[in-house]
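So the structure is just underneath, and the comments pick up after that.
Please treat every number below as a calculation from the coordinates, not as lab data. Since the structure is predicted, the reported quantities are computational estimates derived from the model, not experimental observations. Don't worry about glycine lacking a Cβ; one is built from the backbone with ideal geometry, like all the others, and counts go over all protein chains shown.
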Amino acid sequence: MKITIIGAGAIGGLVGARLALAGEDVTFIVRGRNLEALRARGMRLVTADGVEHVARNIQAPDDMAAVGPQDVVILAMKAHQVVPVVPKLHHLLGPETMVVPMQNGIPYWYFQRHGGPHEGRHIESVDPQGHIAAAIESRRVIGCVVYPASELVAPGVVRHIEGDRFPFGELDGVLSTPRIQQLSAAFVNAGFKSPVLEDIRSEIWLKLWGNLTFNPISALAHATLVDICQYPPSRDLAAAMMREAQAVAEQLGVHFRVSLEKRIAGAEKVGKHKTSMLQDVEAGREPEIDALVGSVVELARLTGTPTPHIDAVLALVKLLARSMQEAKGQVKLGEQGLRMEAVAA
């Protein structure tokens with residue numbers, strides 16, 4: 001399959017490297033130091049056992065216009081980074097091109113081909129003014145949930161920490177479409193677990209259940225997953241936020257297939273892993289707040305569901321992000337305590 005991946009960060013790099021190593025025709029759309037690294041050395045993947053694999057059979061052009069129509073386009077960037085790329089996305093789209101958004105949180109397409117009372121409703125938190133939905137026809141979209149944990153440790157170098165599940169689902173719940181079976185087979189051949197699910201939205205909430213709690217708590221407390229889960233007050237806060245989110249989801253017809261305690265235990269098992277939001281705060285990057293937390297609050301208002309704990313944490317993490325933006329800084333906890341430093345130009 002001809003697969004273009006926009007973004008070569010922690011997830012895009014992992015997916016692209018594995019697919020290329022499995023023989024797929026992979027193109028990366030990246031910029032800056034990542035582009036230089038991919039062209040010079042290929043995409044490097046360090047697996048959990050410390051072994052390094054190098055995917056050299058990749059392409060990394062300067063511009064989408066040079067690529068041409070693809071079988072699959074994977075959007076592997078943060079939710080707030082999608083809008084800037086959509087004006088050029090048409091260069092990659094042929095009549096049957098699949099688009100696979102791999103953002104965490106509530107996706108912009110959540111109510112597309114939904115069939116419920118909110119069919120087609122716009123979610124402002126993740127798609128301001130509907131620019132993404134206008135650029136990508138809903139028939140192209142394949143739902144996906146990203147479970148692996150990985151880190152971009154250097155330009156063009158991704159370290160895989162744990163996890164290998166990328167479930168897929170058609171937005172209307174049809175299981176047997178040839179295109180999604182072909183996509184799933186390509187990911188399975190690359191070493192991932194990629195079942196095709198009938199209810200991809202419930203799987204999105206299962207992942208989001210942890211992301212909307214552990215990400216902002218970790219960013220505010222500078223704590224890893226195991227730290228949050230093993231400290232009773234933060235564990236209780238996470239559980240309270242998760243109960244509120246569950247109430248919102250159930251108002252939308254979502255079913256949770258695991259218990260709240262089992263979901264927390266799963267996060268605890270990951271160990272001393274810094275969430276993506278904490279990594280962003282430490283690196284001085286804009287944290288992914290609206291897709292992970294703000295979207296849940298938006299849906300809570302839509303369903304008339306109270307979310308006091310989520311609201312409070314959202315206010316605090318947004319204040320942190322604003323302070324970082326104003327100071328053009330990053331926030332780190334080190335030997336000298338917690339400090340904000342200006343990001344190097």
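A few notes on this one:
- ³J(HN,Hα), Karplus 6.51/-1.76/1.60, whole Hz, each residue of region 313-330, x for Gly, Pro: 5, 4, 4, 5, 6, 5, 5, 4, 4, 5, 4, 5, 5, 5, 8, 6, x, 10
- Close amide H pairs (under 5 Å, H built 1.01 Å from N) link ASP25 with ILE3, residues at least 5 positions away or on another chain.
- Averaging Cα coordinates gives a centre for region 241-282 and one for region 92-169; these two points are 18 Å apart.
- FRET efficiency, 1/(1 + (r/R0)^6) with R0 30 Å, evaluated for ARG179 and ALA154 via beta carbons: 0.30
- Dipole magnitude of region 2-198 about its Cα centre (Cβ charges: Lys, Arg +1; Asp, Glu -1), debye to nearest 20: 360 debye
- Of all DSSP bridge pairs formed entirely within the chain, close to 45 percent run antiparallel.
- Size of electric dipole in the chain: Cβ of Lys, Arg +1 and of Asp, Glu -1, about Cα centre, debye, nearest 20: 440 debye
- Pairs beyond 25 Å (Cα-Cα), from LYS78/LYS328; LYS262/LYS332; LYS193/LYS262; LYS2/LYS88; LYS88/LYS328; LYS193/LYS332: LYS262/LYS332; LYS88/LYS328; LYS193/LYS332
- Calculated from backbone phi, Karplus (6.51, -1.76, 1.60) coupling profile of region 72-87 in Hz, x at Gly/Pro: 9, 10, 9, 8, 10, 10, 5, 4, 6, 9, 6, 3, x, 8, 5, x
- Residue order, fewest to most surrounding Cβ atoms within 10 angstrom, among GLU24, GLU162: GLU162, GLU24
- Phi to ³J(HN,Hα) by Karplus 6.51 cos²θ - 1.76 cosθ + 1.60 over region 12-25, Hz, x for Gly, Pro: x, x, 4, 5, x, 5, 5, 5, 5, 5, 8, x, 6, 8
- When the charge dipole of region 111-248 is built from unit charges on Cβ atoms (+1 for Lys and Arg, -1 for Asp and Glu) and taken about the Cα centre, the candidate among THR224, TYR147, ASN189 whose Cα reaches farthest toward its positive end is ASN189.
- Report summary: the helix-based calculation at 222 nm, which adds -39500 (n - 2.57) for every DSSP H run with n ≥ 4 and divides by the residues of the chain, gives -12000 deg cm²/dmol.
- Region 201-342, dipole about Cα centre (Lys/Arg Cβ +1, Asp/Glu Cβ -1), debye to the nearest 20: 240 debye
- Peptides 201-211, 251-261, 235-245 ranked from most to least packed by the mean count of surrounding Cβ atoms within 10 Å: 201-211, 235-245, 251-261.
- Amide H contacts of GLY284: VAL331, each under 5 Å away and 5 or more positions distant or on a separate chain (H built 1.01 Å from N in the peptide plane; Pro and chain starts excluded).
- Approximating the spin labels as points 7 Å out from Cα along Cα→Cβ, the HIS122-to-LEU260 distance works out to 3.5 nm.
- Take every pair of alpha-carbon atoms less than 8 Å apart whose residues are at least six positions apart; their mean separation over the length of the chain yields a relative contact order of 15 percent.
- The gain in end-to-end length when the ARG41 to GLU286 segment is fully stretched comes to 85.4 nm, 0.36 nm per residue minus the alpha carbon separation.
- Length-normalised contact order of region 68-226 in % [C-alpha pairs under 8 Å, at least 6 apart]: 19 percent
- Our compactness index for region 2-198, the C-alpha radius of gyration over the empirical 2.2 N^0.38 Å, is 0.98.
- If you plug the beta carbon distance of MET340 and GLN59 into 1/(1 + (r/R0)^6) with R0 = 51 Å, you get a FRET efficiency near 0.85.
- For region 201-342, with +1 on Lys and Arg beta carbons and -1 on Asp and Glu, the positive-most of ALA312, SER276, LEU299 along the dipole: SER276
- Region 201-342 - percent relative contact order, Cα under 8 Å, separation 6 or more: 30 percent
- Here r is the Cβ-Cβ distance between VAL83 and ASP236 and R0 is 30 Å; the resulting FRET efficiency, rounded to 0.05, is 0.25.
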